[in-house]
Amino acid sequence: MAVIALKCPEINVTVVDLNADRIAAWNGPLENLPIYEPGLSAVVMEARGRNLFFSTEINSAIDKAEMIFMAVNTPTKTEGEGAGMAADMKYIESCAKTIAEVAKTDKIVVEKSTVPIRTAERIKEILDHEGNGVHFEILSNPEFLAEGTAINDLLDTDRVLIGGDSTTSGQKAVQELVDIYAHWIAPEKILTTNVWSSELSKLASNAMLAQRISSINSLSALCEKTGADINELSKAIGMDHRIGPHFLKASVGFGGSCFQKDILNLVYLCRHYGLEEVAEYWHQVVKINDYQKNRFAQKIIDHFGGDLTGKKIAILGWAFKANTNDSRESPAIDVAAKLLRAGAVLQIYDPMVSKESIFRDIDFYWEASKINELKSRITVLDSMSKLDFSFDAAALLTEWQEFKNLDFSNQLVFDGRGILSSSFYSIGKG
Ligand code: UDX
């Protein structure tokens, strides 16, 4: 929304949220914006107060808007039908209900959140049944930006996807959204489709990207058995122009708020439509990811003979990738939890993720009776200079630039990101 405001100065963009603290932070000092994203503060600095506003006054913003982007989260359901797989639509539904209640003039409602296919139907049902008789057009406009490179991804995008109804009013709404993006995106990069293709394209794109990572990660296991080098393999495979080099970097596993959630959602959809084989095919991408995270931690445990009691392990990197403070579904969480269970004493450092977030992330794993004992074995560092280099082993889990020049020549390092050497696990000693 900040980039839309930047590129379309004549359009007023109001970002609303129920969370007053978060809105206050968006209105506060640029160095404390709620999301760390390279380039974002400069965009906010230019547009904020001009045509970009942050507010908790949801109803009044809905009332004034001609176009409403729904960008609420759609986490994996934790209970009820489809628990652990299907997307939880409660935030989308409550958002649609609020719009229905408040809107007194025709609106275009844009699905920005990643949603299961045919969600637009459900939104339309709520808007039409609970609304005040005004006309709503629903568009799908999935977001393809990746964290850490979001601003560039938005300014210089591969494509913008807009799905809408084939009716005259549907096509008119599509055109209105096309006109917004056309302020800075070349027409051939703005792709219009029907709503369902657009919704499914987002899930399918994420599934295809994650599938490449699981494919290369599965081969990393074979490399370790055979003496092949996964990075050499990845380079050789990626040089085939039909395959291409991207998303072929072996890792400790993919993380982030999207891949796992979207694939599980895809699996659930396939099952719903009776496509068991297709569901199993995609489910395997997530299973290999779990296997890889577990395999990495097990490798460290095995190195010490199956028991880490009293062993000092440094965890370098907590974010799910570099250049973000986001640690949702970060492989570091699973690795740290497994090492803790095996008795390790951890020093954890990430340049951007706060101590509170790190403790919150492992909260899920605490066993009530052991909380204090487990917590007593974790130290979160606020600076790399505080790292106690007398650790028995370090696990490199995020490819932060800051870690690339460290001298680990006399240390035992398990490299989950392939950044220290050409081998998947670079072991300097031992
Ligand atoms: C992803 C999609 O790329 C984006 O299009 C979508 O809108 C949201 O989901 P994001 O989750 O921000 O974006 O990060 P991405 O760069 O895709 O990385 C996801 C995970 O895969 C990270 O943990 C990353 O470290 C890992 N990864 C990526 C690999 O392990 N190997 C690779 O070669 C590439």
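Rounded to whole Hz and in sequence order, give me ³J(HN,Hα) for region 29-43 from the Karplus expression 6.51 cos²θ - 1.76 cosθ + 1.60, θ = phi - 60°, writing x for Gly and Pro.
Values, residue by residue: x, 4, 6, 10, 4, x, 10, 8, 8, x, x, 5, 5, 5, 5 Hz.
Put +1 on the Cβ of every Lys and Arg and -1 on every Asp and Glu Cβ in region 349-402; which of 400, 364, 352 then has its Cα farthest towards the positive end of the dipole?
Sorting the options by dipole projection puts first 364.
Once you compute Rg and the Kirkwood Rh from C-alpha atoms, what is the Rg to Rh ratio for region 170-304?
Here Rg/Rh amounts to 1.09.
Using amide H atoms built 1.01 Å from N in the peptide plane, name the residues 5+ places from residue 52, or on other chains, whose amide H lies under 5 Å from its own.
Correct list: 13.
Of all the stretches in the chain, which is the longest one without any exposed loop site, taking GluC sites (Glu not before Pro) in a DSSP loop (any state but H, G, I, E, B) with at most 11 other Cβ atoms within 10 Å?
Counting at most 11 other Cβ atoms within 10 Å as exposed, the longest clean stretch of the chain is 82-366.
With viscosity set to 0.890 mPa s and temperature to 25 °C, compute the Stokes-Einstein D of region 107-171, Rh being the Kirkwood radius across alpha carbon pairs; µm²/s, no decimals.
The diffusion coefficient I find is 183 µm²/s.
Give me a comma-separated list of calculated 3J(HN,Hα) values for region 390-406, in order, Karplus coefficients 6.51, -1.76, 1.60 applied at θ = phi - 60°, integers in Hz, x for any Gly or Pro.
7, 5, 7, 7, 10, 10, 8, 10, 9, 7, 5, 3, 3, 8, 6, 9, 5
Which lysines does residue 312 reach when only Cα atoms under 16 Å apart count, and residues fewer than 8 places away in its own chain are ignored?
Partners within reach: 299, 338, 375, 386, 429.
Could you tell me which of the pairs 124/189; 249/321; 225/293; 90/321 are separated by over 21 angstrom between their Cα atoms in the structure shown?
From the list (124/189; 249/321; 225/293; 90/321), the Cα-Cα distance tops 21 Å for 124/189; 90/321.
Please report, in debye to the nearest 20, how large the charge dipole of the chain is about its Cα centre when each Lys and Arg carries +1 at its beta carbon and each Asp and Glu carries -1 there.
960
Under Stokes-Einstein, with the Kirkwood radius over Cα pairs standing in for Rh, what whole-number D in µm²/s applies to region 53-165 at 4 °C and 1.567 mPa s?
Translational diffusion coefficient: 85 µm²/s.
Given a cut-off of 18 Å, what percent of all Cα-Cα pairs of region 76-123 lie beyond it?
The calculated P(r) of region 76-123 puts 36 percent of pairs beyond 18 Å.
Of 83, 411, 168, whose Cα points farthest to the positive end of the dipole of the chain (charges on the beta-carbon: +1 Lys, Arg; -1 Asp, Glu; origin at the Cα centre)?
Highest projection toward the positive end goes to 411.
Suppose all protein chains stay in the model; what accessible area per residue would a 1.4 Å probe give for the chain, in Å²?
I get 48 Å² per residue for this part.
So if I take the alpha carbon set of the chain, get Rg, then get Rh from the Kirkwood formula, what is the Rg over Rh ratio?
Radius of gyration over Kirkwood radius for the chain works out to 0.99.
Enumerate the calculated ³J(HN,Hα) couplings along region 285-295 in order (Karplus 6.51 cos²θ - 1.76 cosθ + 1.60, θ = phi - 60°), each rounded to whole Hz, writing x wherever the residue is Gly or Pro.
Whole-Hz 3J(HN,Hα) from phi for region 285-295: 4, 6, 5, 5, 5, 5, 4, 5, 4, 5, 4.
What three numbers, in Å, describe the spread of the alpha carbons of region 278-430 along their principal axes, ordered from the longest?
Principal-axis extents of the Cα atoms in region 278-430, largest first: 48, 42, 34 Å.
Using a simple charge model, +1 on the beta-carbon of Lys and Arg, -1 on the beta-carbon of Asp and Glu, nothing else, what dipole does region 1-112 show about its Cα centre, in debye to the nearest 20?
Its charge dipole is roughly 200 debye.
Toward the positive end of the charge dipole of the chain, about the Cα centre and with charges on Cβ (Lys, Arg +1; Asp, Glu -1), which of 297, 145, 325 goes farthest?
Checked the options; the winner is 297.
Using amide H atoms built 1.01 Å from N in the peptide plane, name the residues 5+ places from residue 193, or on other chains, whose amide H lies under 5 Å from its own.
Long-range HN contacts for residue 193: 162, 163, 164.
Check which residues have an amide H placed less than 5 Å from residue 348's amide H, if you skip close sequence neighbours.
It is 315, 379, 380, 381, by chain and number.
Roughly to the nearest percent, how much of the accessible area of the chain is carbon and sulfur, given a 1.4 Å probe?
53
The values are calculated or read from the model by the stated rules, or taken from the named source; none is laboratory data. Only a predicted model underlies this, so the values are computations on that prediction, with no experimental measurement involved. When we count neighbours, we look across all protein chains shown, and the Cβ atoms used for this are built from the backbone with ideal geometry, even at glycine. For the accessible areas, the whole protein counts, side chains as well, though only heavy atoms, and no ligand, DNA or RNA atoms are used. Shrake-Rupley method; radii C 1.70, N 1.55, O 1.52, S 1.80 Å.
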